[in-house]
1. Report the extension gain between residue 310 and residue 188 in nm, rounded to one decimal, defined as 0.36 nm multiplied by the number of residues separating them, less their alpha carbon distance.
2. Over 5 Å intervals from 0, what percent of Cα-Cα pairs in the stretch 210-338 sits in each interval?
3. Quick one: work out the % antiparallel among DSSP beta bridges in the stretch 95-221, nearest 5.
4. Length gain on complete extension for the stretch residue 95 to residue 27, per 0.36 nm per residue less the alpha carbon to alpha carbon distance?
5. Want the number for residue 331 to residue 116: 0.36 nm per residue separation, take away the alpha-carbon distance, what's left?
6. So what's the angle, to the nearest 10 degrees on a 0 to 90 scale, between helix 325-338 and the longest Cα principal axis of the chain?
7. Note the angle between two axes, namely the Cα long axis of helix 131-142 and the longest principal axis of the Cα atoms of the chain, as a number of degrees from 0 to 90, rounded to the nearest 10.
8. Considering only C-alpha atoms, what is the centroid distance from the stretch 175-215 to the stretch 120-150, in Å?
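Please treat every number below as a calculation from the coordinates, not as lab data. Given the structure is predicted, the values throughout are model-derived calculations rather than measurements. Neighbour counts run over all protein chains shown; Cβ positions are idealised from the backbone, glycine included.
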């Protein structure tokens, strides 16, 4: 079973405190014109963005807009601060009309901005969000709401805007229309223009705790046994999206062969060829292996820390320098074996 798309996900686990804070601000007439949802990939930021949009449209005229941003942030919340019953005021039933209308694209006052298709048949998107898309977003906010209510846009993700698009977005943020809400999803907010960040209410979300991961993995991966889900949770480090991707990419069998290779019981070359087909999973496996070695090391030496630094550099160089992933994986496993 695959996880549903963000727009079709009814429940969100792990970020209830942030949801309560946002709902309270809306009801008090203090909803900002722009919200920046940041944190690691796969923890529910885009899902939260859709939930905010559904909530806003479901409230009609009851909420207010605060144009001048107060100087505080909604910080990330630890699992211990979240309610045990996952109570959230942003919860909108999947049976409601606003849920189905928003999911199907039937709400004219909502706009989703994401990378456009380069080849939809091959599920391949363009590499960036363009300035033309952000100019279209500006025109969207300049039009009158079809129902004299809110206009809401979701950018998923803001990290993918090119330079011209980012500058065009800044102009929107500088003069936001009334009853407009712009939601930005960012996996790396430091990559955004400081002027964009300063004009958004920051909502930083933490990685999911182990209880949340266990519950989600049991729901989305019922065919995985308990030990497999345990290892996926460890590899994914609090990201349910990453855990599902690792499972779909057969990362667990790859990890087993990886360990055999670095321990000298299997050919490094055969595993390198396997890694080339899913280098994203290989990156996670290699980093986790080295992190485990550091935690288990009792000597306190610098050798393993030097290995980690070298590994991070090598993994980053593959996409940046367009290196052969099989050759990179071979060199990485050979270095780990010798360490």
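1. Working it through step by step, the gained length comes to 41.7 nm.
2. 2, 11, 21, 20, 20, 14, 9, 3, 0
3. 15
4. In short, 22.1 nm is gained.
5. Once the chain is fully extended between residue 331 and residue 116, it gains 73.8 nm.
6. Between the helix axis and the principal axis of the chain, the angle is about 60 degrees.
7. It works out to around 30 degrees.
8. The stretch 175-215 and the stretch 120-150 have Cα centres spaced 18 Å from each other.
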